[in-house]
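Presented below is the structure to which this report refers.
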Amino acid sequence: MREEKFYSVRMRASKNGSHEVGGKHLSGGERLTTYENMIHTVNALLEKGIYHSRGKPDFMKIQFECIDEPIQLVNPLHIETHEVESAEKGQVLARKLLEKAGIQKKMIDLAYEQIPECSGLRGAILFDIHSGKRIDQRKERGVRVSRMDWPDTNFDKWTKCYQMPRNSRIKEALVLATKVSKHPATIAELCWSDDPDYITGYVASKKLGYQRIKKLKEYGNEGGCRIFFVDGLRDLETYIDYLEKQPVFIQWEEENDA
Ligand code: PML
Ligand code: MG
């Protein structure tokens with residue numbers, strides 16, 4: 001498919017020491033790039049971590065590695081945006097959408113009990129929709145989805161068609177949600193940012209697509225959430241391996257947009 005070599009580039013930034021010594025997580029980023037574009041990509045991640053509303057980092061790690069596996073091309077999830085009057089109404093809508101995605105109400109309540117645990121994690125929580133329990137063993141790290149990106153020219157085409165801003169936050173969130181939802185073990189995802197200046201979040205699933213909810217928390221709140229609702233009967237190790245290692249490029253083709 002592609003002859004060129006690609007590299008996975010990752011960044012994480014924290015304050016009061018590295019994540020390993022209990023520093024506060026500030027920012028993370030995942031990109032796929034060619035060697036020619038490496039400096040530009042590393043600079044973009046550096047900038048993302050340096051100028052951050054959660055604080056000024058005193059630790060940052062940026063690393064790259066060559067990818068040997070073939071890169072999977074995936075069409076982005078269909079996107080819809082909901083305006084809501086308040087964070088409370090946004091949360092009611094999020095719960096409704098999770099039910100629509102096929103998750104029982106009592107399981108959604110149990111997942112919401114996990115939300116305080118989500119805050120401060122640099123990755124996601126995996127929540128089993130059968131047992132109602134968190135099933136990853138990643139403690140304060142969570143599972144970090146990696147090795148994914150959306151080439152700029154194709155993303156630009158998509159933003160024009162949907163009249164969306166050329167916004168890297170939306171791009172990164174939709175890339176992640178698309179990769180995650182593609183796996184058969186993922187039933188749905190619930191996410192909102194841990195940044196105090198960003199209040200939009202989403203529920204995503206294969207069935208519903210990427211359902212943005214304009215307000216899921218109040219400005220100033222640093223409590224974020226990223227929960228993957230998973231079918232825990234499937235092999236967890238293979239699933240986590242997919243999330244962390246399978247390289248994915250988003251490629252939008254209008255005719256494939258459901
Ligand atoms: C994040 O910034 O960590 C997640 C942002 C999710 C919502 C992005 C959007 O669709 O506006
Ligand atoms: Mg953030």
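The values are calculated or read from the model by the stated rules, or taken from the named source; none is laboratory data. Just so it is clear, the structure is predicted and the values come from calculations on it, not from any experiment. Glycine also receives a Cβ, built like all others from the backbone with ideal geometry; neighbour counts cover every protein chain displayed.
Couple of notes before you dig in:
Per-residue answers, yes or no, for (1) within 16 Å of ligand 2 (Cβ to nearest atom); (2) modelled with pLDDT of 95 or more; (3) among the hydrophobic types (A, V, I, L, M, F, W, C):
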position	(1), (2), (3)
Arg141	yes, no, no
Arg144	yes, yes, no
Asp156	no, yes, no
Tyr162	no, no, no
Lys171	yes, yes, no
Ser181	no, yes, no
Leu190	yes, yes, yes
Asp195	yes, yes, no
Tyr198	yes, yes, no
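- The set of residues from segment 20-54 being more than 16 Å from ligand 1 (Cβ to nearest atom) and touching a strand residue (DSSP E or B) at 6+ places or on another chain (Cβ under 7 Å) comprises Gly23, Leu32, Thr33, Thr34, Tyr35, Met38, Thr41, Val42, Leu46.
- Breaking point among (1) part of a loop (DSSP other than H, G, I, E, B); (2) within 16 Å of ligand 2 (Cβ to nearest atom), for Pro70: (2)
- Counted as qualifying within segment 163-242 are the strands (runs of 3 or more DSSP E) with 2 or more residues that are more than 9 Å from ligand 1 (Cβ to nearest atom) and over 16 Å from Ile115 (Cα atoms), namely 186-192, 201-205, 209-213.
- The number of residues in segment 83-112 being of a type outside the set (Ser, Thr, Tyr) and either part of a loop (DSSP other than H, G, I, E, B) or modelled with pLDDT under 95 (or both) comes to 7.
- For segment 115-161, a tally of residues being in a loop (DSSP other than H, G, I, E, B), in contact with a strand residue (DSSP E or B) (Cβ under 7 Å, 6 or more places away or on another chain) and farther than 18 Å from Leu243 by Cβ returns 2.
- Unique residue being of a type in the set (D, E, K, R), under 15 Å from Ser146 (Cβ atoms), more than 16 Å from ligand 2 (Cβ to nearest atom) and surrounded by fewer than 13 Cβ atoms within 10 Å (Cβ to Cβ) when the list is Glu20, Glu4, Glu65, Glu36: Glu65
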